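In what follows, a structure is listed as structure tokens, so that the remarks can point back to it.
The numbers here are math on the coordinates, done by the rules we state, and not lab data. Treat the numbers as computed from the prediction; the structure is a model and nothing was measured. So basically every Cβ, Gly included, is an ideal-geometry build from the backbone, and we count neighbours across all protein chains shown.
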């Protein structure tokens with residue numbers, strides 16, 4: 001029987017979840033066989049495949065920037081005009097759409 005790593009060498013998991021594979025592949029889940037095929041095809045472990053899939057899903061669906069405070073106030077527009085040299089041929093727009 002192989003020796004267990006000493007407590008100092010073990011990596012402590014930050015947190016964990018239980019993943020239950022689907023019985024059939026669907027839009028919202030995959031079978032263990034599909035996860036295994038993906039891992040083998042990509043040269044990754046099944047855990048790494050799950051992390052890659054979640055990272056891709058996050059990039060697709062989560063905003064890449066923090067929400068702003070909404071439209072600028074008249075005072076903010078005034079301050080911008082004071083700080084930025086105004087060219088005669090450019091007209092400013094308050095709204096894009």
Put in order of increasing Cβ neighbours within 10 Å, starting from the fewest, 52, 30 give 52, 30
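Any chance you could run the full-extension gain for residue 27 through residue 66? It's 0.36 nm times the residue separation minus the Cα-Cα distance, nm to one decimal.
Working: separation 39, 0.36 × 39 = 14.04 nm, distance 2.92 nm.
Extra length from residue 27 to residue 66 when fully extended: 11.1 nm.
Eigenvalues of the Cα gyration tensor times 5, then square-rooted: what semi-axes does that give for the range 15-63, in whole angstrom, largest first?
Details: eigenvalues 63, 39, 28 Å².
So the equivalent ellipsoid measures 18, 14, 12 Å along its semi-axes.
Pop the C-beta distance of residue 17 and residue 44 into the FRET formula with R0 = 22 Å and round what comes out to the nearest 0.05. It would help to have the intermediate numbers written out before the result.
Numbers: r = 19 Å, r/R0 = 0.84.
So, using R0 = 22 Å, E works out to roughly 0.75.
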Residue 53/residue 80 FRET efficiency (R0 30 Å; Cβ-Cβ; nearest 0.05): 0.10
